[in-house]
Ligand code: AHR
């Protein structure tokens, strides 16, 4: 492997190169990164897989001691359901020792940890001065924290907001939240929320999941989907206006593609906020009037266009503008740094079997450019092989190959793509199918070949995202994924660790290198960058070996001044004894990069490359 390490011979990889794509899939947000513990907090849930609007709440106690129903008497205009609870027992009659009431299991259990504080908020009204108790309860029925609210309401028409901070005295990772009463009377409850106090900057993002994403140093953040944006039917598409403003007044919606209800606590604002917190540029994918089964035709598209324009105003408009003022009221008067929007997801049909995308896109494009000339617009139409039928700043490029070999070489498709015109946004890639399992080493090595190919083509590739980012292990509707979690644990799949090995590529210099081999299972690249910490240069060589045999490679570094020497050479290897090895909650570090130091490295060295591995060599100069 011959590397020309002279920076002048290289080319700059875009600053935006490595990013992340967040989709509400696999409970990535609801029951995941969004730290809300209550599932269906407003009793609004509905949809094909939702048995009732009470789901997954359970009733504690039996009729006739307690009768629970849903009515439409909520104080909140956009979500009218409220829970009505008639309590017909008290201490002296048939009440359970702790009273009767309702219980919410969260998302496969709530993680309640000893010494940590949780803010519980709910809305309540009652016809009589009923006493309530709110508690976190462990799987063995033991109370982890509780608080009493006495004499709730005497006037049935007045809702009261109750807020309590509960400190846990024990840990239980699969707890539930209970609200119980021990006195006769009728009580209505609505918008019940429980959030840990320690979320990232108090912004509501679960700490350990936020940290996992932050460690990837993403430069861009595409959200909120994927198919989630489209919906199977438009009624169930992501409608950003329904997801902003006070959380209590968000209607929530059934994401019918991934088949679950979300209260939309993680809405449009939270996506923009998360991008900012990650120091990444947000890329908003908006619905363009197309779902998996419907298409709005050109004569009726204006409301969708206005919706997109309003969304941009919400993100970057002045705090006195109509939509910017709502953003300001949510605590962010300063505009977000929204520079990119994508018109839909996977909606372009270049063969015009479904013509509406091609007809509607120019209307979105022209209207957005007229109002916001600096916004970069991403089309769903692939420009790697065809000339685009319309203007665009970037085009989406998705790759989900089914075999490791195919994935390894996939980026070669871009070798022959036009060098002028819009660049590719590889907004989704991952190995899919048998070789990939739930995230195998083999998948990561195959993806390394792909990413090396994208680095080589970074003159025509602007940004790159793995997909999907998250999976709650209790709801794998799409596998594999980069980050796996449950109510409290988290680990990265080998693909996650691979992305980390590429995080320095954003803005780095891609160096000329020649791998002198005909092997179809080897790929290599070299980049260099100046460390922001000490200003010193780092040269990183990455080698991916898809073969089941080890190889010895001679690395020869040319083009450096003779006075340059290496202070340190760090070798980092991602491999394992079996290509199908995966990480898991019990073995989260089975397949993770392992570092070692190589002493006395010169400008020519022979290195051992493990079978099915990705190896990086960092030369510190
Ligand atoms: O990443 C999972 C899904 O794959 C996305 O929702 C969609 O865009 C693609 O088909």
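Hand me the list of strands (runs of 3 or more DSSP E) wholly inside segment 192-265 holding 2 or more residues that are within 16 Å of the ligand (Cβ to nearest atom) and under 26 Å from residue 464 (Cα atoms).
Because the criterion is at least 2 residues that are within 16 Å of the ligand (Cβ to nearest atom) and under 26 Å from residue 464 (Cα atoms), the strands (runs of 3 or more DSSP E) in segment 192-265 that meet it are 220-223.
Restricting the search to segment 1-32, which residues are within 16 Å of the ligand (Cβ to nearest atom), crowded, with 24+ Cβ neighbours inside 10 Å and within 30 Å of residue 249 (Cα to Cα)?
20, 21, 22, 23, 24, 25, 26, 27, 28, 29, 32
With the structure loaded, tell me whether residue 285 is closer than 30 Å to residue 111 by Cα and within 16 Å of the ligand (Cβ to nearest atom) or whether it fails that test.
So residue 285 does not fit the description; no.
Going by the conditions given, is residue 357 buried (at least 21 other Cβ atoms within 10 Å of the Cβ), assigned by TED's automatic domain parsing to the domain that holds residue 312 and either part of a strand (DSSP E or B) or within 16 Å of the ligand (Cβ to nearest atom) (or both)?
When the stated conditions are applied, residue 357 passes them.
Output the number of residues of segment 402-423 satisfying the condition of being buried (at least 24 other Cβ atoms within 10 Å of the Cβ) and within 16 Å of the ligand (Cβ to nearest atom).
Within segment 402-423, residues that are buried (at least 24 other Cβ atoms within 10 Å of the Cβ) and within 16 Å of the ligand (Cβ to nearest atom) number 1.
Among the residues in segment 565-575, are any at pLDDT 95 or above, surrounded by fewer than 16 Cβ atoms within 10 Å (Cβ to Cβ), assigned by TED's automatic domain parsing to the domain that holds residue 7 and under 19 Å from residue 450 (Cα atoms)?
no
Going by the structure shown, is residue 374 more than 28 Å from residue 290 (Cβ to Cβ) and surrounded by fewer than 17 Cβ atoms within 10 Å (Cβ to Cβ)?
No, not satisfied.
Exactly one of these conditions fails for residue 488: (1) closer than 23 Å to residue 220 by Cβ; (2) touching a helix residue (DSSP H, G or I) at 6+ places or on another chain (Cβ under 9 Å). Give me its number.
The failed condition is (1).
When segment 277-319 is examined, which residues are found to be part of a loop (DSSP other than H, G, I, E, B) and out of contact with any helix residue (DSSP H, G or I) (no Cβ under 8 Å at 6 or more places or on another chain)?
Matches in segment 277-319: 279, 280, 293.
Looking at (1) away from the ligand (no atom under 16 Å from the Cβ); (2) buried (at least 22 other Cβ atoms within 10 Å of the Cβ); (3) over 14 Å from residue 33 (Cα atoms), which is the one condition that is false for residue 290?
All conditions are met except number (1).
Suppose we filter 42, 101 for residues that are under 35 Å from the mean Cα position of the chain (by Cα) and farther than 30 Å from residue 226 by Cα; which single one remains?
The conditions single out 101.
In segment 578-614, which residues are assigned to a strand (DSSP E or B) and within 30 Å of residue 476 (Cα to Cα)?
Matches in segment 578-614: 582, 594, 613, 614.
The values are calculated or read from the model by the stated rules, or taken from the named source; none is laboratory data. Because the structure is predicted, anything quoted here is derived from the model rather than measured. Quick reminder, even Gly has a Cβ in these numbers, built from the backbone with ideal geometry, and neighbours come from all protein chains shown.
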